[in-house]
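The structure appears below as structure tokens.
No value in this document is a laboratory result; all are computed from the given coordinates. The model shown is predicted, which means the values in this text are computed figures rather than measured ones. Note that we place each Cβ from the backbone using ideal geometry, even for glycine, and neighbour counts take in every protein chain shown.
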Amino acid sequence: MHAPPSPRPPVKKSRKSFWLKQLHMWHWMSSAVSLIGLLLFAVTGFTLNHAADIEAAPVVAQKTAQMPQAVLGTLGADPAGGKGALPRPVAAWVEDHFPVSATGEAEWSADEIYLPAPRPGGDGWVAIDRASGAVSSEITDRGWISYLNDLHKGRNSGGEWSLFIDVFAFACLIFAFTGLVLLWLHSAKRKSTWPLVGAGLILPAAVAIIFIH
């Protein structure tokens, strides 16, 4: 005789178990992806909030060089509106001789071409004398705290970093949403869940309403 088949678990319970496993998986995966970014943004949130109390000693470096006439001759006519990118040979020469990215928009005049070169944690510029080919630059470094603060704000950090912030923000949204659903599923056994969630909403709202004008 064959043993009677074991009864199947209720469909509702198996579905709940499936979604609970999915939520846990997405929660830990999104937390793993966003962990380092969360630490970075938490630390820089503190340093930005106390920026006036954190002293920085900017380091300014100046440099000069002589552009060869063969490269200088590729400048050609001024772009429309007096603003435009440097020709490729000129941009390549500038990047070879100065620690800047020369792909940005430069300001063209009859005597000089001025290329702003902002960067996270500092600033810079390169000036090209159109007659003599003399090139000068100035690079300002405000330190690693300023560098991390600018990464937090996405200031002068390029398209790749902007894409990272978008991916990081999406991972944080998944982390927060799955965490909220897991809180809801376990709230019956943890009575302090919703009071704590409510406190997280009420406290910043109260501070904003009472103290921010």
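Think of the chain as having a plus end and a minus end, set by charges on the Cβ of Lys, Arg, Asp and Glu; of 84, 177, 32, 177 sits farthest toward the positive end of this dipole. Give me the net charge for the shell around residue 102: Cβ to Cβ below 10 angstrom, other residues only, Lys and Arg +1, Asp and Glu -1. Taking every Cβ under 10 Å from that of residue 102, the sum is -1. Estimated from helices alone, the mean residue ellipticity of the chain at 222 nm is -17500 deg cm²/dmol (sum of -39500 (n - 2.57) over DSSP H runs with n ≥ 4, per residue).
In the chain, excluding the sites themselves, the longest stretch lacking any of the trypsin sites (Lys or Arg not before Pro) that are in a DSSP loop with at most 11 other Cβ atoms within 10 Å is 1-189.
Expressed in Å, the radius of gyration and Dmax of the Cα atoms of region 59-132 are 11.9, 36. Taking the Cα centre of the chain as reference, the dipole from Cβ charges on Lys and Arg (+1) and Asp and Glu (-1) amounts to some 2420 debye.
Taking amide H positions as modeled 1.01 Å from N, with prolines and chain starts lacking one, the residues under 5 Å from residue 122 and 5 or more places away or on another chain are 142.
Using the Kirkwood radius built from alpha carbon pairs, what does the Stokes-Einstein equation give as D for region 103-213 at 37 °C and 0.692 mPa s, in µm² per second? Could the numbers behind the result be given before it?
On the way: Rh = 18.9 Å.
After rounding, the answer is 174 µm²/s.
Computed from label points 7 Å out along Cα-Cβ, the spacing between residue 129 and residue 61 is 2.3 nm. If you count Lys pairs in the chain whose Cα atoms are under 21 Å apart, skipping same-chain pairs closer than 8 places in sequence, the total is 6. Highest average first, the peptides 165-174, 71-80 ordered by how many other beta carbon atoms sit within 10 Å of their residues are 165-174, 71-80. For the chain, the Kirkwood radius over C-alpha pairs fed into Stokes-Einstein at 10 °C and 1.306 mPa s yields D = 70 µm² per second. This model, with +1 at the C-beta of Lys and Arg and -1 at the C-beta of Asp and Glu, gives region 68-181 a dipole about its Cα centre of some 300 debye.
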